[in-house]
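J.: Below is a structure I'd like to ask you about.
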Amino acid sequence: MEDVNALFFDLDGTLTDSADGIIQAYTYAFKAMAIRPPDEVTMLSFIGSPLRKNLAEYLPFSHIEEAVDHYFYSYDYLRGGLTDNRLYDGIYDMLIELKSSGIELCVVSGKVVELIQPILNLFDIESFFSAIYGATRDGVNTSKKDLIASALAGSGFDPSRVVMVGDRCYDVEASRANGIRSVAVTWGYGDEHELVAANPDWIISDPSQLRQLVAKPSRLAS
């Protein structure tokens with residue numbers, strides 16, 4: 001990976017363990033719509049997939065925007081999404097080493113963009129990232145494919161020198177669609193079968209392995 005000059009990072013499930021706050025917000029939204037919430041395993045699988053797409057599996061189209069409002073009331077206004085969150089072990093040290101190596105780091109997340117910065121601030125990691133790309137609250141630009149395309153266009157990086165780091169098949173598939181390589185991480189919300197089936201360029205199980213991969217990619221299997 002010596003030719004790489006930029007890394008795009010997913011947020012939920014890659015940098016932070018945010019499942020509790022997200023599941024809480026989905027639960028609040030479903031109950032507010034008088035619908036029994038799916039089980040937690042199902043809601044865990046929602047992470048990384050667009051909010052409206054997930055809600056559309058349970059609600060008629062005419063009720064989705066109301067449910068979205070309830071979700072954000074819990075996640076944002078009640079602040080559960082921020083406080084029920086933690087930085088994965090090893091992430092801070094990884095970011096320090098990657099930043100010191102001269103590689104540009106960006107966040108490319110399906111989370112609403114104005115919610116990303118407070119989370120980065122919460123864990124004191126905002127200074128590591130040169131740019132943030134996220135979805136808008138109205139549902140525009142929510143697919144990872146579109147987000148990566150926006151990040152490439154906005155940054156001007158050569159796609160052949162960019163790698164996406166994420167925990168779900170969506171990150172891998174969207175990377176391939178945009179002509180960039182991908183690293184799948186196993187500490188997030190995508191299970192091993194999902195990640196292997198998505199066929200990323202690399203799979204890693206610890207943040208320290210990304211530092212090794214940047215230095216000497218031959219150390220890890222593709």
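The values are calculated or read from the model by the stated rules, or taken from the named source; none is laboratory data. Every value quoted in this text rests on a predicted model; they were computed, and no experiment measured them. Quick reminder, even Gly has a Cβ in these numbers, built from the backbone with ideal geometry, and neighbours come from all protein chains shown.
J.: How about segment 75-91: which of its residues are surrounded by 16 or more Cβ atoms within 10 Å (Cβ to Cβ) and more than 20 Å from N54 (Cβ to Cβ)?
T.: The answer is L82, L87, Y88, I91.
J.: Also, quick follow-up: Considering only segment 92-101, state which residues are surrounded by fewer than 15 Cβ atoms within 10 Å (Cβ to Cβ) and either of a type in the set (D, E) or in contact (Cβ under 8 Å) with a residue 40 or more places away in the chain (or both).
T.: Within segment 92-101, D93, S101 qualify.
J.: Follow-up. State all residues of segment 111-127 that are among the hydrophobic types (A, V, I, L, M, F, W, C) and assigned to a helix (DSSP H, G or I); if no residue qualifies, say none.
T.: Selection gives V113, L115, I116, I119, L120, L122.
J.: A follow-up question, please. What number of residues within segment 128-173 are assigned to a helix (DSSP H, G or I), touching a Phe, Trp or Tyr at 6+ places or on another chain (Cβ under 6 Å) and in contact (Cβ under 8 Å) with a residue 60 or more places away in the chain?
T.: Count: 2.
J.: Here's something else I'd like to know. Could you tell me whether T142 is touching a Lys or Arg at 6+ places or on another chain (Cβ under 9 Å), of a type in the set (V, I, T) and at pLDDT below 95?
T.: Yes.
J.: Further, regarding this structure: Look through I125, I180, I119, I132 and report the one residue that is closer than 15 Å to A198 by Cβ and buried (at least 16 other Cβ atoms within 10 Å of the Cβ).
T.: I180
Rundown of residues vs (1) within 22 Å of S205 (Cα to Cα); (2) hydrophobic (A, V, I, L, M, F, W, C); (3) outside any helix (DSSP H, G or I), yes/no style:
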site	(1), (2), (3)
Y26	no, no, no
T42	no, no, no
N54	no, no, no
E65	no, no, no
F72	no, yes, no
M94	yes, yes, no
G102	no, no, yes
L105	yes, yes, yes
S109	yes, no, yes
